[in-house]
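**Student:** What follows is a single structure, and I will ask about it in a moment.
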Amino acid sequence: TLTGLEAELVLNATESIELGGNYAWLDARYDNFNDVQGRDFSGNRLRQAPQHSLSLNARYRWAFEPAELSLRLDYRYQSRSYQEPDNEVTKMPAFDLLDAKLSFASNVSNWEVSLWAKNLLDQEYITHLYLLGGNDYALFGTPRTVGVSLRYSSL
């Protein structure tokens, strides 16, 4: 049985400030589930179904002719989830991530340069976890990554 609720909000507070967010609550459980070995997983949470997910973002823009400077922050949280129906062995811990982006865009020549950082706080988090041959295997998310991007649009 799956029961859930999701809400999303975007607010243009001023010409310069944009705020947004998304929250999801999910109760996803097996009603009646026994595996081939007879183990009873009834009532356990479904795999890869975190109970809480949250994302928040804020963007501030400074407009001046002939360009615009903007700063954007993105935050994401995901609660603990399970990768196996027993909800015991392969627990994926909760994690939260913060990203940032500073952009300078020309209003005349259709180009933009950005300085960005993903996983700004350098959190160690697991993106995938599985059990194979009695051992847990984890794939970890990307550590802090910083870069510069240049974008040009011909439109």
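The values are calculated or read from the model by the stated rules, or taken from the named source; none is laboratory data. The structure presented is a predicted model; accordingly, all values stated were derived computationally and were not measured. Backbone-built Cβ (ideal geometry, glycine too); neighbour counts: all protein chains shown. Heads up: the accessible areas ignore ligands, DNA and RNA and are worked out on the full protein's heavy atoms, side chains in. Shrake-Rupley method; radii C 1.70, N 1.55, O 1.52, S 1.80 Å.
**Student:** Does the chain classify as rounded, prolate or oblate by the C-alpha gyration tensor (a ≥ b ≥ c root eigenvalues; a/c under 1.5 gives rounded; else a/b over b/c gives prolate, otherwise oblate)? Working shown, then result.
**Tutor:** Values: a/c = 3.64, a/b = 2.21, b/c = 1.65.
Since a/c reaches 1.5 and a/b is larger than b/c, the shape of the chain is classed as prolate.
**Student:** Still on this structure: Could you point to the residue in Ala117, Thr127, Tyr152 farthest towards the positive end of the stretch 101-153's charge dipole, with +1 and -1 charges on the Cβ of Lys/Arg and Asp/Glu respectively?
**Tutor:** The residue sitting most towards the positive pole is Tyr152.
**Student:** Let me ask something else. In square angstrom, what is the accessible area per residue of the stretch 1-108 with a 1.4 angstrom probe? All intermediate terms of the calculation are to be shown ahead of the outcome.
**Tutor:** Numbers: 6780 Å² over 108 residues.
Value returned for the stretch 1-108: 63 Å² of accessible area per residue.
**Student:** Another question, if that's okay. Within the stretch 55-84, list the residues whose amide N lies under 15 Å from a label point set 7 Å along Cα→Cβ of Leu139.
**Tutor:** 83
**Student:** Can you give me the % of accessible surface on the chain that is carbon or sulfur? Probe 1.4 Å, all protein chains present, nothing else counted. Mind dumping the intermediate values first?
**Tutor:** Details: 5690 of 10270 Å².
The computed percentage sits at 55.
**Student:** Can you give me the distance in nm between label points at Arg29 and Asp86, each placed 7 Å from the Cα along the Cα-to-Cβ direction?
**Tutor:** Using points 7 Å along Cα→Cβ, the separation is 2.1 nm.
**Student:** Let me make sure I get this right: for the stretch 106-149, a, b and c are the square roots of the gyration tensor eigenvalues over alpha carbons, sorted descending. Under 1.5 in a/c it's rounded, otherwise prolate if a/b > b/c, else oblate. Which is it? Before the final figure, lay out the partial values.
**Tutor:** Values: a/c = 6.79, a/b = 3.35, b/c = 2.03.
It comes out prolate by the Cα gyration axes.
**Student:** Send over the semi-axes of the stretch 44-115's equivalent ellipsoid, whole angstrom and largest first, taken as the square roots of 5 times the C-alpha gyration tensor eigenvalues.
**Tutor:** Values: eigenvalues 344, 20, 14 Å².
Those come to 41, 10, 8 Å.
**Student:** What's the local net charge at Thr145, with K and R +1, D and E -1, over the other residues with C-beta under 11 Å away? It would help to have the intermediate numbers written out before the result.
**Tutor:** Numbers: positive: Lys118, Arg144; negative: Asp99, Asp122.
That sum, taken over residues with Cβ under 11 Å, equals 0.
**Student:** Modelling each spin label as a point 7 Å along the Cα-to-Cβ direction, I'd like the Leu54/Ser149 distance in nm, to one decimal.
**Tutor:** Reported label-point gap for Leu54 and Ser149 is 2.6 nm.
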